[in-house]
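Q: The following block contains the structure, expressed as structure tokens.
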Amino acid sequence: MRATAEDVVLSHSDPTTGLPVGPRDALRADRRAAPDFSPEQLLAAVLASVDDDKAEDIVQIDLRGRSDVADYMVICSGRSSRQVAAISEKLADRLKEQFRLSVKMEGKETGDWVLIDTGDVIVHVFRPEVRDFYQLEKMWMPADQAAARPAQG
């Protein structure tokens with residue numbers, strides 16, 4: 001039986017973000033049932049895919065030890081809603097082909113902000129103005145890295 005988020009009692013809050021977290025194994029055990037690839041291989045494939053499709057301002061954030069949801073987060077931008085949707089769709093297709101991995105995707109219809117959940121890597125593809133509004137990098141990047149990043153725009 002697959003564990004769902006509703007089945008898991010959240011055990012504590014992440015000290016960095018204040019978000020509730022639960023036991024890592026319960027949330028991700030089903031997705032990691034004997035994978036043929038590592039989170040790092042998946043991350044490399046994600047980065048290659050978004051780069052091939054001309055995504056802009058690609059940022060990777062290491063979440064290991066900071067979140068039970070995933071090991072890595074990738075944030076990037078497309079110049080238009082059409083490009084955001086295309087980057088996301090091609091990424092999903094490539095991961096299915098390369099890893100036999102069906103990803104969960106939200107927001108592709110509007111193309112302002114697409115979230116792709118691969119299990120070990122969470123990918124956010126934004127239009128630049130939407131990305132500037134939400135500023136996920138500020139929330140998730142360690143303070144020293146976030147301060148060193150130039151402002152977008």
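Q: Does any residue in the range 50-67 that is within 19 Å of Asp120 (Cα to Cα) come within less than 6 Å, Cβ to Cβ, of a residue that is of a type in the set (S, T, N, Q) six or more places away or on a different chain, and which pairs are these?
A: Arg66/Thr16
A quick yes/no check of all residues on (1) touching a Cys at 6+ places or on another chain (Cβ under 9 Å); (2) at pLDDT 95 or above; (3) surrounded by 15 or more Cβ atoms within 10 Å (Cβ to Cβ); (4) closer than 29 Å to Thr110 by Cα:
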residue: Leu10; (1), (2), (3), (4): no, no, no, no
residue: Ser13; (1), (2), (3), (4): no, no, no, no
residue: Thr17; (1), (2), (3), (4): no, no, no, yes
residue: Ala29; (1), (2), (3), (4): no, no, no, no
residue: Ala34; (1), (2), (3), (4): no, no, no, no
residue: Val46; (1), (2), (3), (4): no, yes, yes, yes
residue: Ser49; (1), (2), (3), (4): no, yes, yes, yes
residue: Val69; (1), (2), (3), (4): no, no, yes, yes
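Q: Mind listing whichever residues of the range 98-112 are in contact with a helix residue (DSSP H, G or I) (Cβ under 9 Å, 6 or more places away or on another chain) and either under 17 Å from Leu43 (Cβ atoms) or exposed (fewer than 14 other Cβ atoms within 10 Å of the Cβ) (or both)?
A: Within the range 98-112, Gln98, Phe99, Leu101, Ser102, Val103, Glu109, Thr110 meet the criteria.
Q: Restricting attention to the range 94-115, report how many residues are among the acidic types (Asp, Glu) and over 16 Å from the mean Cα position of the chain (by Cα).
A: The qualifying residues number 2.
Q: Sticking with this one: If you scan the range 114-126, which residues turn out to be in contact with a strand residue (DSSP E or B) (Cβ under 8 Å, 6 or more places away or on another chain) and buried (at least 21 other Cβ atoms within 10 Å of the Cβ)?
A: Correct list: Val114, Ile116, Asp120, Val121, Ile122, Val123, His124, Val125, Phe126.
Q: Among the listed residues Leu95, Leu115, Leu91, which satisfies the condition of being under 19 Å from Leu42 (Cα atoms) and either of a type in the set (D, E, K, R) or not in a helix (DSSP H, G or I) (or both)?
A: Just one listed residue meets the conditions, Leu115.
The values are calculated or read from the model by the stated rules, or taken from the named source; none is laboratory data. From a predicted model like this one, the values you see are computed outputs, not experimental measurements. Glycine also receives a Cβ, built like all others from the backbone with ideal geometry; neighbour counts cover every protein chain displayed.
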